[in-house]
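The values are calculated or read from the model by the stated rules, or taken from the named source; none is laboratory data. The structure displayed is predicted, hence computed values, not measured ones. Cβ: placed from backbone, ideal geometry, glycine included. Neighbour counts: every protein chain shown. When the accessible area is computed, the model is the full protein with side chains, heavy atoms only, and any ligands, DNA or RNA have been set aside. Shrake-Rupley method; radii C 1.70, N 1.55, O 1.52, S 1.80 Å.
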Amino acid sequence: MIEVNVTRAMGAAMRRIHVGNALSAFGLGFTVPYLYVYVAQVRGLGAMTAGLVLAVFAVAALIVLPFAGRAIVRRGPRPVLIVALVLAAVGSMSLGLAGSATAVLLSAAALGAGQAVMQPALATMIVDCSTADTRSRAFAMQFFLQNLGLGVGGLIGGHLVDTTSASSFTLLFGIESAMFLVLAGVMATVRMPHSPVIGDAPSQSAKGAWKQLLGNRAMVQLSVLGFVLFFACYGQFESGLSAYGVEAAGISTSALGTALAANTAMIVVAQFAVLKFVERRRRSRVIAAVGMIWALAWVTAGFAGLGHGSQEMATAAFVSTYALFGLGEAMLSPTVAPLVADLAPEGMAGQYNSAFALVKQLALAVGPAVGGPLGASLPGPYVVTFFLFSLGISLLAVKLGRQLTAVQDQPWRAKGSLVVARGSVEPVGVEA
């Protein structure tokens, strides 16, 4: 009876978390595609300031994430998430009203810091409200709703925005701010199940927590793998790959928009079909398969920009590249995030989620800086480089599999248990 009640409570909490997550993504979709245009053109602050805004987002995230994990461990994910949401709401509304470069950059810092902390806090809440057997599906649902919300928000925002009217952008940022506050309200009503904590967590120093994390060889290897994943895929979407498409493949801006839409559509359509495929397979092998799929994506991108077919064929190949990336993303969403949680010792999921989010932000900061100039000026070496990175993902994933316990790599083995050998660093041999 107690187990049934706990399961029902976890299910109710998870539903509210998913609803709030979808609303937040919906709000983000209103502004993310138009941020550069808003700062550079609508506010007349120039391309350099717009570029600095994007850099401030990354810097703010890198500053706050090392502290976010300890805050989540000490206070729990919900209060940390609510504070982050309020900060993001203030930053978003301020950005919509800002008229000077200083105001824009300060607002972007607040918004970036809030958004960065939201990621590990939400992930930890999902961990606390799921079991080993349901965690992959929970993270797949989160990723599905994020992409759906971003897509719908961007579509609606595109019809509301007017580049000749600053007030239309103020409306967009106001909607985004309101969605953050709505999510904060929803999260305040979530009744979280009891989450075990490490007995000395409140007194453990940040240095000690990081030392413990770095002593987990599997987590260190997963972090290296995560950096390569985000660097070679997500870090190229808005810079290197688009620059390559325009300069080498002659892709029009409308075709670039179609490619981005194909990526989102692939995720939305394929997510749960893919989930059924990956749920009963080794996580390390699923990640290795993603590396191979992305290698194929880079070959397709090479055909688009380096081949000698018609412009129509190049465009079709370029759109297919983004779709293939989307397929890989759909496979990763129920795989990587649950694995981070299962590697964390009891009560330390927030620390591990924050550390992995920090790795992600580093990759997203370095990726565009490397990929943008390379994709625009050296298209051949660009494609070859990231093709090799994708193969590297497969090799790193296979190597990671040797460090995982049986239930960390194959979580369905622990069905019926609320805990999956969490935090263990002693690998157990697993048959392929």
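Could you tell me whether Gly347 is at pLDDT 90 or above and of a type outside the set (Val, Ile, Thr)?
No, not satisfied.
Of all residues in segment 29-45, which are in contact with a helix residue (DSSP H, G or I) (Cβ under 6 Å, 6 or more places away or on another chain) and assigned to a helix (DSSP H, G or I)?
Across segment 29-45, the qualifying residues are Gly29, Phe30, Thr31, Pro33, Tyr36, Tyr38, Val39, Ala40, Val42.
Conditions (1) small (Gly, Ala, Ser); (2) under 21 Å from Leu327 (Cβ atoms), marked per residue:
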residue: Ala113; (1), (2): yes, no
residue: Ala121; (1), (2): yes, no
residue: Ile126; (1), (2): no, no
residue: Phe143; (1), (2): no, yes
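Is it true that Ala355 is open to solvent by 10 Å² or more (accessible area, probe 1.4 Å), under 29 Å from Gln403 (Cβ atoms), part of a helix (DSSP H, G or I) and touching a Leu at 6+ places or on another chain (Cβ under 8 Å)?
no
Of the residues Val37, Val83, Val73, Val56, only one is at pLDDT below 80 and among the β-branched types (Val, Ile, Thr); which?
Step by step, each of Val37, Val83, Val73, Val56 is checked, and only Val37 is at pLDDT below 80 and among the β-branched types (Val, Ile, Thr).
When you check Ala40 against the structure, is it surrounded by fewer than 17 Cβ atoms within 10 Å (Cβ to Cβ) and more than 25 Å from Met125 (Cα to Cα), yes or no?
No; evaluated as a whole, the condition is false for this residue.
Kindly indicate whether Ser107 is farther than 30 Å from Asp128 by Cβ, open to solvent by less than 40 Å² (accessible area, probe 1.4 Å) and of a type in the set (S, T, N, Q).
Answer is yes for this residue.
Table: residues versus (1) in contact with a helix residue (DSSP H, G or I) (Cβ under 7 Å, 6 or more places away or on another chain); (2) in a helix (DSSP H, G or I); (3) surrounded by fewer than 19 Cβ atoms within 10 Å (Cβ to Cβ).
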| residue | (1), (2), (3) |
| --- | --- |
| Leu222 | yes, yes, no |
| Phe227 | yes, yes, no |
| Gly235 | yes, yes, no |
| Gly250 | yes, no, yes |
| Gly257 | no, yes, yes |
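Mind listing whichever residues of segment 30-50 are under 14 Å from Leu97 (Cβ atoms) and polar (S, T, N, Q)?
Thr31, the sole residue that qualifies.
Given the conditions (1) open to solvent by less than 50 Å² (accessible area, probe 1.4 Å); (2) at pLDDT 90 or above, and given that Pro379 satisfies all but one, which numbered condition is not satisfied?
Status for Pro379: all satisfied but (2).
Does Ala273 meet the test of being touching a residue at least 12 places away in the same chain (Cβ under 8 Å) and part of a helix (DSSP H, G or I)?
Criteria not met by Ala273.
Is it the case, given these coordinates, that Thr164 is modelled with pLDDT under 85, farther than 29 Å from Leu327 by Cβ, hydroxyl-bearing (Ser, Thr, Tyr) and surrounded by fewer than 21 Cβ atoms within 10 Å (Cβ to Cβ)?
yes
Could you tell me which residue of segment 65-85 is most open to solvent (accessible area, probe 1.4 Å), considering only residues that are under 30 Å from Phe169 (Cα atoms) and in contact with a helix residue (DSSP H, G or I) (Cβ under 6 Å, 6 or more places away or on another chain)?
By that ranking, first place goes to Ile82.
Are there any pairs, at least 6 apart or on different chains, whose C-beta atoms fall under 8 Å, with the first in segment 355-383 and more than 30 Å from Ala218 (Cβ to Cβ) and the second outside any helix (DSSP H, G or I) and not hydrophobic (A, V, I, L, M, F, W, C), and if so, which?
Hits for this filter: Gly372/Ser239; Gly375/Ser239.
Is it the case, given these coordinates, that Gly328 is buried (at least 24 other Cβ atoms within 10 Å of the Cβ) and at pLDDT below 90?
No, not satisfied.
Taking the criterion of being in contact with a helix residue (DSSP H, G or I) (Cβ under 7 Å, 6 or more places away or on another chain), at pLDDT 85 or above and of a type in the set (A, V, I, L, M), would at least one residue in segment 211-218 satisfy it?
Yes, the conditions are met somewhere in segment 211-218.
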